Amino acid sequence: MPYIPHLINCPLFKGLNEEQISVYRAATRQVSYPEGKSIMVEGETGTNLVILIKGTVTISKKLTLLGDDESDTKNKTFITLSDEHKPFFGEMALLMEGALRTATVTASTDCEIVVMEKEAFQKVSTEHPTIGWKVMENIARKLAMNLERESKNVLKLTTAFSLVLDE
């Protein structure tokens with residue numbers, strides 16, 4: 001499949017060469033998304049990881065805690081990602097049973113993505129444990145960075161609330 005060389009710069013495969021990455025060929029497929037189409041929707045159950053290989057996406061979250069109300073459409077865009085560094089998202093779906101998507105990912109431009117399903121990922125990682133270990137290490141690194149960032153955000157929010165309450 002022609003997209004494998006594009007995955008060299010993907011942080012998911014950091015430390016692996018093209019031959020090692022290609023063991024995941026059977027676990028992946030390339031999919032096109034037109035501008036404006038949702039790739040993932042917050043609150044839905046996830047079963048795959050996605051790698052952006054062409055285009056730009058926005059990642060947004062609902063602004064309220066009342067996520068059960070279907071009329072609640074207030075979303076806040078938190079980040080825009082381009083294909084420059086071949087970002088991946090949806091990794092929690094590979095690690096957790098019944099993981100819910102924590103954000104909505106929407107194609108800002110026409111996009112090409114690589115989709116890796118959970119069961120296929122697990123099968124390949126089991127068959128190639130050294131490579132699978134490296135990929136899991138890269139997923140853990142991303143999750144740790146996300147946790148660190150969110151911990152700082154909670155501290156900022158808590159500080160802001162305490163300043164408002166002290167006035």
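What follows is calculated from the coordinates using simple rules that are stated; it is not laboratory data. What you are looking at is a predicted structure, and each value in this text was computed from that prediction instead of being measured. Glycine also receives a Cβ, built like all others from the backbone with ideal geometry; neighbour counts cover every protein chain displayed.
Compute the angle between helix 129-166 and the longest alpha-carbon principal axis of the chain, please, reported from 0 to 90 degrees and rounded to the nearest 10.
Value to nearest ten degrees: 10.
Just rank LYS134, LYS61, fewest to most, by other beta-carbon atoms within 10 angstrom. Intermediate values should be presented prior to the final figure.
Details: LYS134 18, LYS61 14.
The fewest-first ordering by Cβ neighbours comes to LYS61, LYS134.
Exceeding 20 Å between C-alpha atoms, which entries from my cross-link table qualify? They are LYS61/LYS156; LYS14/LYS86; LYS14/LYS142; LYS54/LYS86; LYS14/LYS76; LYS37/LYS118. It would help to have the intermediate numbers written out before the result.
Working: LYS61/LYS156 18 Å; LYS14/LYS86 11 Å; LYS14/LYS142 11 Å; LYS54/LYS86 8 Å; LYS14/LYS76 30 Å; LYS37/LYS118 22 Å.
Pairs exceeding the cut-off: LYS14/LYS76; LYS37/LYS118.
Between ALA120, ALA107, ALA144, where does the largest GNM mean-square fluctuation fall for the chain, given springs only between Cα atoms within less than 10 Å?
ALA144
Residue-wise, which Karplus ³J(HN,Hα) couplings in Hz belong to region 49-64, taking 6.51 cos²θ - 1.76 cosθ + 1.60, θ = phi - 60°, and x for glycine or proline?
Once rounded to whole Hz, the list reads 10, 10, 10, 7, 10, 7, x, 9, 10, 10, 10, 10, 9, 5, 8, 10.
Return a whole-number percent for the relative contact order of the chain, with Cα pairs under 8 Å and 6 or more residues apart as the contact set. Please list the in-between numbers first.
Numbers: 290 pairs, mean separation 52.8, N = 167.
Answer for the chain is 32 percent.
How large is the helix-only mean residue ellipticity at 222 nm for the chain, computed as the sum of -39500 (n - 2.57) over DSSP H runs with n ≥ 4, divided by its residue count, in deg cm²/dmol to the nearest 500?
Working: 4 runs with 56 residues, N = 167.
It comes out at -11000 deg cm²/dmol, rounded to the nearest 500.
Quick one: which residues, 5 or more positions from THR56 or on another chain, have an amide H under 5 Å from its amide H? H modelled 1.01 Å from N in the peptide plane, none for Pro or chain starts.
The answer is SER108, THR109.
Mind listing the phi-derived Karplus ³J(HN,Hα) values for region 28-34, rounded to whole Hz, using 6.51, -1.76 and 1.60 with θ = phi - 60°, and x for any glycine or proline?
10, 8, 9, 9, 9, 10, x
Work out, step by step, the length gained on full extension between LEU165 and GLU127: first 0.36 nm times the residue separation, then minus their alpha carbon distance; give nm to one decimal. Provide the component values of the computation, followed by the final result.
Working: separation 38, 0.36 × 38 = 13.68 nm, distance 5.56 nm.
Fully extending the segment from LEU165 to GLU127 adds 8.1 nm.
Could you run the Karplus curve 6.51 cos²θ - 1.76 cosθ + 1.60 with θ = phi - 60° over region 101-113 and give me ³J(HN,Hα) per residue in whole Hz, x for Gly and Pro?
5, 8, 7, 9, 10, 10, 5, 7, 9, 4, 10, 10, 10
Rounded to two decimals, what is the ratio between the C-alpha radius of gyration of region 4-166 and 2.2 N^0.38 Å? Mind dumping the intermediate values first?
Details: Rg = 17.2 Å, N = 163, 2.2 N^0.38 = 15.2 Å.
My calculation over the Cα atoms of region 4-166 gives 1.13.
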